[in-house]
Amino acid sequence: MKNLKKIVNKKNTYFLILLIIGLIIGGFLEMVGIGILPAFVLLIARPNQINEIPYLSFLENFLSNLDKSDIILIFSILLIAFFTIKNIYFILLTYFESNILKSITLNNSTNLFKGYLRSPYLMFIEKNPSVFIRNLVETTEHVTSYIRSSILIIKEVIVVIFLFTLLLFSDFQVTIAIFSLLIVISSVFYLTVKKQVKKRGEISQNSRSDQIKLINQSIGSIKYLKISHNEEFFIKKFNNMLDSVLKQGVFIEILGRTPKLFLEVLAISSLLMVVGFFIYFDRSINDMLPFLTLLAVSVIRLVPSFNLITTNLTSCNFNFVAVKILQEEFEYIKKNNEKLIEYSKTNIENFKTKELSLNNVCFYYPGYKQSILKNISMKIEIGKTIAIVGPSGAGKSTLIDILLGLLEPTSGEIKINDKPIAENLKLWHKQIGFVPQDIYLNDDTIKSNIAFGQNENEIDENKVYEALRLSKLDEFVNKLPNNISTFIGNRGVKLSGGQLQRLGIARSLYKNPKVLLMDEATSSLDYETENEIIQSINNIKKNKTVIVIAHRQSTIRNSDIIYYLREGELIDQGNFEDLKKRNEKFFSQK
Ligand SMILES: Nc1ncnc2c1ncn2[C@@H]1O[C@H](COP(=O)(O)OP(=O)(O)O)[C@@H](O)[C@H]1O
Ligand SMILES: [Mg+2]
């Protein structure tokens, strides 16, 4: 139970406690329901011996005044009324329980999603997206199943305790014997399968994330897959992974039905043994009729109880891995969020970026020995145009990620106006526009893609048109059937590479940023379009800072300062002409 602390919030813990109290009342009602039946049998068989049932003897005086048929009628009505009320109570309890479980799933999934989105960028590099999807969609469901099973166990244990007490008062030895047998059988079964089940729970979770990964990969590279004709390879793998997930389900399903079979046989045998025992010792059937009825009714109720307890213990074991995963995720997220809160404490009003500086910045990806950036120092004045050049793999994109505050330097500092960037991260992000190397567009309209993360009715269409004009997309968009309301397909499949890039640029311009960072954002464009975009950016430049990574000399020629990066080192810096003179080889290529 202590495992659930991070997973169930205060309110729901309180509700769960209430539910358990409700279950105790329910268990009591179950006991009464079962105890009433033998009384009823006795009443029909021998109405004047009602005092033989200990808990009904007080009725004797009252009943002796009525004739038999009246008594039976009254009892029948009471019986029906009681069972109706009892079952209505259980329906309400189920409703309450289902709602608590719904709320737990909702909270966990949403909190996990929130936590993920707030986590540092580095986490997204390290983990495969399939793990996020699995955790958000499936693991949280498994955790709820774990809680549902725990509730069921508690519920049945309560019923068993009540029945045990009831039977104990009727016949001590027989009760102890029957319960011992039931407990031993259930325990043996549970302990035998426990380890297997836990392992299979883990296999199920792993196979599920592999399966999601495979779906992403095969559909993500559909073009390549179609040309290379290895559909079979993916289909086979998919089949294997799903089979592995479902196999564990089948295992659990079979296990879920097995204990009942044993328990039933055992229960019937012990019941018959009791009868045989009574006959052997020559006790009259009439004497033992009420007790036998009680025993039979109890056993009929007890078998499913023990069955449910055993199978749900098994299911808890199966789902335990999910609880562990979710706990670890929440712990990880909490650690990061604490950092986030620390960061957002220092807020400077009227924040105005004047200068961005890197002092001896080094960067390693965690777990890698190779340093990606080595002792980079630079001062970027706001209002200037900056270019970063260098061969592929030099660390340009990594440097941009550091400038964006997405990655933290392993050593060294990055500061805005002499304050660590982390302290002003939100304000810094408010002022920048970023065009990444691989633009990810949503399967949505052009305007929603440009005004990323805004509702349709919040979008400022004038700004959308302005951004389109600056990125030279206005003509193209005007020809589309629904203009800016045209859907562009998943990841923008309905656009050309150049249009995609320009849409990425339009997106970054929409919020009119003071600083614009572009990571090879114009590389897919033809010379002329690129030039036009550079021109229009230059035109709006004035008080804008532009930081570009580019290969074409035409793009960087007019930059105020060019940084030349090679193998993570800052080799040279200066204006285009100087740099060209000093680094003939690199600059003469294009
Ligand atoms: N997630 C990562 N883990 C480990 N190494 C990485 C990761 N991403 C990039 N790298 C390595 O960092 C180096 C620089 O990459 P990058 O900054 O993208 O170069 P550029 O943008 O200049 O082409 C490359 O050698 C690349 O292999
Ligand atoms: Mg790059």
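The values are calculated or read from the model by the stated rules, or taken from the named source; none is laboratory data. Because the structure is a prediction, the values reported are computed rather than measured. Note that each Cβ is placed from the backbone with ideal geometry, even for glycine, and that neighbours are counted across all protein chains shown.
Checking each residue in the range 416-461 for being polar (S, T, N, Q), in contact with a strand residue (DSSP E or B) (Cβ under 7 Å, 6 or more places away or on another chain) and over 24 Å from residue 520 (Cβ atoms) picks out 417, 424, 445.
Looking at 282, 171, just one residue is acidic (Asp, Glu) and in contact with a helix residue (DSSP H, G or I) (Cβ under 8 Å, 6 or more places away or on another chain), and that residue is 171. When the range 398-436 is filtered for residues that are within 16 Å of ligand 1 (Cβ to nearest atom), of a type in the set (A, V, I, L, M) and in a strand (DSSP E or B), the ones remaining, listed by number, are 414, 435.
Pairing residues of the range 425-440 that are within 12 Å of residue 506 (Cα to Cα) with residues that are assigned to a strand (DSSP E or B) and away from ligand 2 (no atom under 13 Å from the Cβ), at Cβ distances under 8 Å and at least 6 apart in sequence or on separate chains, gives 433/515; 433/516; 434/516; 435/516. Once the range 445-467 is narrowed to residues that are surrounded by 13 or more Cβ atoms within 10 Å (Cβ to Cβ) and acidic (Asp, Glu), the residue that is nearest to residue 537 (Cα to Cα) is 466. Could you please find all residues in the range 219-276 being outside any helix (DSSP H, G or I) and of a type in the set (Ser, Thr, Tyr)? Once the filter is applied, which keeps residues that are outside any helix (DSSP H, G or I) and of a type in the set (Ser, Thr, Tyr), the range 219-276 yields only 221. Any idea which of 478, 483 is surrounded by 14 or more Cβ atoms within 10 Å (Cβ to Cβ) and away from ligand 1 (no atom under 16 Å from the Cβ)? Only one candidate qualifies: 483. Within the range 375-392, being touching a residue at least 60 places away in the same chain (Cβ under 8 Å) and within 14 Å of ligand 1 (Cβ to nearest atom) holds for 376, 387, 388, 389, 390, 391. For the range 509-523, what are the residues that are surrounded by 21 or more Cβ atoms within 10 Å (Cβ to Cβ) and either farther than 19 Å from residue 396 by Cα or without any contact (Cβ under 8 Å) to a residue 24 or more places away in the chain (or both)? Residues satisfying the conditions are 509, 510.
When residue 441 is tested against the conditions (1) in a loop (DSSP other than H, G, I, E, B); (2) near ligand 1 (Cβ under 10 Å from one of its atoms); (3) surrounded by 14 or more Cβ atoms within 10 Å (Cβ to Cβ), the lone failure is (2). May I ask you to list the residues in the range 552-579 that are among the hydroxyl-bearing types (Ser, Thr, Tyr) and surrounded by fewer than 16 Cβ atoms within 10 Å (Cβ to Cβ)? Within the range 552-579, just 554 meets the criteria.
Filtering 100, 133, 125 for residues that are part of a helix (DSSP H, G or I) and within 16 Å of ligand 1 (Cβ to nearest atom) leaves a single hit, 125. Step by step: first the residues of the range 494-528, then only those that are farther than 18 Å from residue 449 by Cα and modelled with pLDDT under 80, then the one that is farthest from ligand 2 (Cβ to nearest atom). Which residue is that? Checked the range 494-528; the qualifying residue farthest from ligand 2 (Cβ to nearest atom) is 528. Whether any residue in the range 418-441 is farther than 21 Å from residue 545 by Cβ and more than 16 Å from ligand 2 (Cβ to nearest atom) is what I want to check. Among the residues of the range 418-441, at least one is farther than 21 Å from residue 545 by Cβ and more than 16 Å from ligand 2 (Cβ to nearest atom), which makes the answer yes. Report, by residue number, each residue of the range 108-148 that is farther than 18 Å from residue 333 by Cα and in contact with a Phe, Trp or Tyr (Cβ under 9 Å, 6 or more places away or on another chain). Of everything in the range 108-148, those that are farther than 18 Å from residue 333 by Cα and in contact with a Phe, Trp or Tyr (Cβ under 9 Å, 6 or more places away or on another chain) turn out to be 142, 145, 146.
Contact map, the range 358-372: residues that are closer than 16 Å to residue 565 by Cα and assigned to a strand (DSSP E or B) paired with residues that are among the charged types (D, E, K, R) and more than 16 Å from ligand 2 (Cβ to nearest atom), Cβ distance under 7 Å, separation 6+ or inter-chain. Pairs shown: 359/413; 362/374.
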